[in-house]
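**Student:** Pasting a structure below so you can have a look.
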Ligand code: GTP
Ligand code: MG
């Protein structure tokens, strides 16, 4: 599954330019700069598939990646909670993100990425509430685990798991990852493979 040649299939700036919903999709959501694009690259083992950057707001469209053998879309999303863009653009983005997350028939799972240094923020809770209401299955991934100590990681992990109890559609297993050290990716690949098997 992840040894294939993944390619960029389509970028969609709004809900009118999505590809046909003809195969399962796994989407990666999270605050701006949390590491969504980097995580996808590490997941598939292709360093330059999704564009990553230190500048928040790098990903500006719903980017669909596919691989002919896998029959699956991986969807890199623009970050939410990015306040530095023009207000009307942010509002349009929020509508698109919310519309996509709550209305996409083929969405198999949403991975909600959370910076391990910061833990869940109110905006993450908001997005998770939306996914609860839409009954979309989602799972939290902590990113950039290489940036904190093991003790801090354990603390944030425990706190995150505890917060998930008030989110009925959340899958309880939280995965701690680092795109730098590849920590957590074996686990993540196994979760994705199992999703496709089911
Ligand atoms: P937007 O598209 O702007 O919403 O950002 P994004 O969530 O796609 O983040 P992106 O993957 O572009 O990464 C943001 C920055 O964090 C880049 O400078 C990455 O190199 C860095 N980064 C991502 N993942 C990790 C990680 O696991 N460890 C470390 N140390 N840095 C990371
Ligand atoms: Mg990005």
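Laboratory data are not the source of any read-out in this text; all were calculated from the coordinates shown. No experiment lies behind these values; they were computed from the predicted model shown. When we count neighbours, we look across all protein chains shown, and the Cβ atoms used for this are built from the backbone with ideal geometry, even at glycine.
**Student:** Which ordering of 148, 127 is given by a fewest-first count of other beta-carbon atoms within 10 Å?
**Tutor:** On the way: 148 19, 127 22.
Ranking 148, 127 by Cβ neighbours within 10 Å, fewest first, gives 148, 127.
**Student:** With a 10 Å Cβ neighbour count serving as the proxy for reagent exposure, in which order, fewest first, do 28, 64 appear?
**Tutor:** Ranking 28, 64 by Cβ neighbours within 10 Å, fewest first, gives 64, 28.
**Student:** Let me ask something additional. Which one of 112, 123, 75 has the biggest mean-square fluctuation once the chain is modelled by GNM with Cα springs under 10 Å?
**Tutor:** 123
**Student:** Determine the calculated [θ] at 222 nm for the chain from helices alone, applying -39500 (n - 2.57) to every DSSP H run no shorter than 4 residues and normalising by the residue count; nearest 500 deg cm²/dmol.
**Tutor:** Numbers: 5 runs with 66 residues, N = 198.
Roughly -10500 deg cm²/dmol at 222 nm, from the helical runs in the chain.
**Student:** If you don't mind, another one. How big is the shadow of the Cα convex hull of the chain, averaged over all directions, in nm²?
**Tutor:** In nm², the orientation-averaged hull projection of the chain is 10.3.
**Student:** Okay, next question. Would you mind telling me which residue in 56, 19, 78 has the biggest mean-square fluctuation in a Gaussian network model of the chain, where springs connect alpha carbons within a distance under 10 angstrom?
**Tutor:** 19
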